[in-house]
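> Before I ask anything, here is the structure I am working with.
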Amino acid sequence: MKRNTLNSVLLLTLLAFMLAACKTKKKVVVVVPPVTDTVAVDRKKSETLQLLQQKDVAFTSLSLKGKAILDINGLSNNVNMNIRIRKDEGIWVSVTGLMGIEGARALITPDSIKVLNKLQGVYLKKPFNYVHRFSNKQVNFKMLQAILSGNTIGELMTERSDLQFENGVWVLQGEQAELGYRVLFNTLLKVSESNLNDLKSWKALKVVYGDYQNMNGTLFPTTLSINSMAGTQKINLKLDFSKVESNVPVEFPFNVPGKYEVIN
């Protein structure tokens, strides 16, 4: 029972890594312009890839807070989330119930994943590849970080990928080893939808970014929805962030009480 509960918390933590922005407060929402009959400008693929990557959010740290609706196999919960990122170093997540009681805390680094289940007093520590139980084996820390920040995934933004202008927007797709991917960009040239599928197992992830706001000349997503499937585990997650700050000091408090049970 404890292990099942911890796995649910872990999945919640992993799937929370899909949003980014660098705003201090929600401001005027930037509506994505509708698709028109405009044709793509004739340019080299490398130039288009560079143009799309130029829309990425540049940051050294992120601090995000917001509300989430999580549905695991039909069981829905409302929670608050606090997410902190140091670029290329770590991602820290705290999950709190609406009554203000922290239920779980996680710390992800390029090498490891640690999860505290505070409700049941259990602790998990594993190498980073533990996440591959729920995702494709090619998923790495930087990929999670890019998804969370609403940025392009560097490993996919290569000339080996197929890049086409379809129905007024750019579409990037292809396969790398066992990973199949299809990424849609909107008329603002921001990532609007990412689909990552394991070609040899029933693991699939779909992330859709919603509204944007303009801050310092850069566009940031403020909402997203996630649909995930890993075997028989199905998860739907909707995130709405109320506060996100960039380039601020962030701490990763993570102390394991001696009475906690370590589980595998």
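> Pull out the extension gain between Lys45 and Asn247, defined as 0.36 nm times the separation in residues minus the alpha carbon to alpha carbon distance; nm, one decimal.
Values: separation 202, 0.36 × 202 = 72.72 nm, distance 3.20 nm.
Length gained between Lys45 and Asn247: 69.5 nm.
> Shifting gears a bit: Once the piece of chain linking Lys234 and Lys67 is laid out straight, how much longer is it, given 0.36 nm per residue of separation minus the C-alpha distance between them?
58.1 nm
> Another question about this same structure. Within the chain, what's the longest run with no chymotrypsin sites (Phe, Trp or Tyr not before Pro) in a DSSP loop and at most 16 other beta-carbon atoms within 10 Å? Give the range, please. Working shown, then result.
Working: sites that count: Trp202, Phe254, Tyr260.
The segment 1-201 is the longest one with no such site.
> Arrange the following residues from fewest to most other Cβ atoms within 10 Å of their Cβ: Ser149, Ser201, Ser135. Working shown, then result.
Details: Ser149 26, Ser201 13, Ser135 22.
Exposure proxy ranking, most exposed first: Ser201, Ser135, Ser149.
> Same structure, new question: Show that you can apply the helix-only estimate: for the chain, add -39,500 (n - 2.57) for every DSSP H stretch of four or more residues, divide by all residues, and state [θ] at 222 nm to the nearest 500.
-3500 deg cm²/dmol
> Within 10 Å of each candidate Cβ there may be at most 15 other Cβ atoms; applying that plus a DSSP loop requirement, which trypsin sites (Lys or Arg not before Pro) in segment 156-239 survive? Mind dumping the intermediate values first?
Working: sites: Arg160, Arg182, Lys190, Lys200, Lys203, Lys206, Lys234, Lys238; in loops: Arg160, Lys190, Lys200.
The qualifying sites are Arg160, Lys200.
> Give me the dipole magnitude in Debye, nearest 20, for segment 2-249 about the Cα centre, with unit charges on the beta carbon: positive for Lys and Arg, negative for Asp and Glu.
Using only the charged Cβ atoms, the result is roughly 1000 debye.
> What stretch of the chain, leaving out the sites themselves, is the longest with no GluC sites (Glu not before Pro) in a DSSP loop having at most 11 other Cβ atoms within 10 Å? Don't skip to the answer; put the middle values down first.
Working: sites that count: Glu159, Glu251.
The reported range is 1-158.
> Let me ask something else. Give me D for the chain in µm² s⁻¹, whole number, from Stokes-Einstein with Rh from the Kirkwood sum over alpha-carbon pairs, 4 °C and 1.567 mPa s.
On the way: Rh = 19.1 Å.
So the translational diffusion coefficient is about 68 µm²/s.
Rule-based calculations on the coordinates, nothing more; no lab input. Remember, it's a predicted structure, so these values are computed and weren't measured experimentally. Note that each Cβ is placed from the backbone with ideal geometry, even for glycine, and that neighbours are counted across all protein chains shown.
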